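The values are calculated or read from the model by the stated rules, or taken from the named source; none is laboratory data. Quick caveat, the model's predicted, so the values are computed rather than measured. Here the Cβ positions follow ideal geometry from the backbone for every residue, glycine too, while neighbour counts run over all protein chains shown. The protein model used for the area step is the full one, side chains on, heavy atoms only, and it has no ligands, DNA or RNA in it. Shrake-Rupley method; radii C 1.70, N 1.55, O 1.52, S 1.80 Å.
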Amino acid sequence: MSAARQALRPLARCVHSAVTSKKVASTRAFSAASRALEEVHVEETATPPSPPPSGLDPNLVSTRREERKLLKDQKLLPIGSRRRRAALHGSANIPFEQLPYQCFQEARKILQADRKEKLEQIQAQRTRIARLQAQEPYSGGALEKERRLKSMQKHLEDLKILADINDPMIKKRFEDGDGDMNRPIYRYLADRRWRSYKRLVLMQRIEQMNVIPDILPNMDPIAEVNLSFGRRNVQPGEFVDSRVSELPGTLNVQVFDKGSRPVTVAIVDADVPDVENDRFNYRCHFLAANIWIAPKQTKIHLNTRQEDKILLPWLPAYAQKGSPYHRLSIFILEQPEGKTIDVAEAMKERFYKDGTSWKVQRDKFVLRSFIDRHSLKPVGITMFRTQWDEGTAGVMQRAGIEGADVELRRKRIEPLPYKKKDGARYR
């Protein structure tokens, strides 16, 4: 028996004792009054849904073995926590908010009273904001008015979160993956969960592998970025076979603040061998601008062919034979509010007063210069690695990339000639 089922034994016994097998059962009301005066009739809810043909239900599996079998046979992930699934497996189908526990119901009353108070504060704060916006002219000046409005708006968003943060139904929907990301509370919970683990792992990878500062001097991710090639989800820093990454993948960019905004996506290889200068250089494998994302609009397909968005189409990730593994970093760059990038204008070559020029091109692509030119703000990042494998030569040939038959070798450094010292000086 699993630990989750052992922990849920008391809960199952309580639920079984409260609900009989009849359609109409007599249960005690959720109050401290006497039993004789406050008996109510509670109708059982609809019968639980019939399990899939294989006998495994994503809502009811409660052991690691059942979870693996569910994922292998039906390609489905379990819903909610293992403790909750074990409770549902061994109890009647009672709605969560009607669980027959007096302490639970009394706590819900306190939370509902607190939420009512927060809603009144939200309404009062909205009235203050509307009153301030109507003041023309403002005695403190336009800048002071704008600063105060931002502060009041931030306090309003905090009140919206505090009104729902303790609601058990909110937490249940969030754990089940049914949260609406247009609501501030679900964005806050998703951001907190991402920062508690995934963001820490991401920062560890990009710092240990020196993506920062090799490509950008610093990075403070505020959006979650996940990469997948087909059905394969790629973890930050993972090695990806060249045949898997030959076709364009898909990005899932989750932002945690409201509103939609245009972004630029750049994929840069920072480990391109420069044999002539004995160093490494950059290469851009994908560059697209004017892609709109929002809390519920998260998918970015790298195989898009829209001419008003694509600056450089997808180039398969590859590493020449003999070269070390290549780090391919994916950057999400937020564009200034209300500004789009003219793709045709951005592809033109620019000349400077000192005689130098700059142009968007794959080889020797410098992301810092591109960010400075278009006033972009890095908000998300992920990465993967590639190396020479048995499929790299075929990938390079199909993509028309030269060098599949070239092997890079390190230049051997000859030792200095040994010079025998005069032994008389040591006598």
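Couple of notes before you dig in:
- Under 25 Å from the Cα of residue 411 - lysines, other chains or at least 8 residues apart: 321, 364, 419
- Local net charge near residue 207, Cβ-Cβ under 13 Å (Lys/Arg +1, Asp/Glu -1): +1
- For the set 64, 187, the ranking by accessible area, highest first and with no ligand, DNA or RNA atoms included, is 64, 187 under a 1.4 Å probe.
- Heavy-atom accessible surface of residue 61, to the nearest 10 Å², is about 0 Å², with a 1.4 Å probe and all protein chains retained.
- Note on exposure: 314, 292 ranked by accessible area (1.4 Å probe, complete protein assembly) read 292, 314, with the most exposed listed first.
- Remark: the stretch 47-202 is approximated by an ellipsoid whose semi-axes, taken from the C-alpha gyration tensor as √(5λ), come to 43, 21, 12 Å, largest first.
- Between the stretch 368-418 and the stretch 103-146, the Cα center-to-center distance that results, in Å: 54
- Rh by Kirkwood over Cα pairs, then Stokes-Einstein D for the stretch 111-166 at 0.692 mPa s and 37 °C, µm²/s: 270
- Stretching the chain fully between residue 325 and residue 112 yields a gain of 71.1 nm (0.36 nm per residue, less the alpha carbon separation).
- Alpha-carbon centroids, the stretch 148-162 and the stretch 220-237: separation in whole Å: 31
- Positive contributions from Lys and Arg (+1) and negative ones from Asp and Glu (-1), summed over other residues with Cβ under 12 Å from the Cβ of residue 217, come out at -2.
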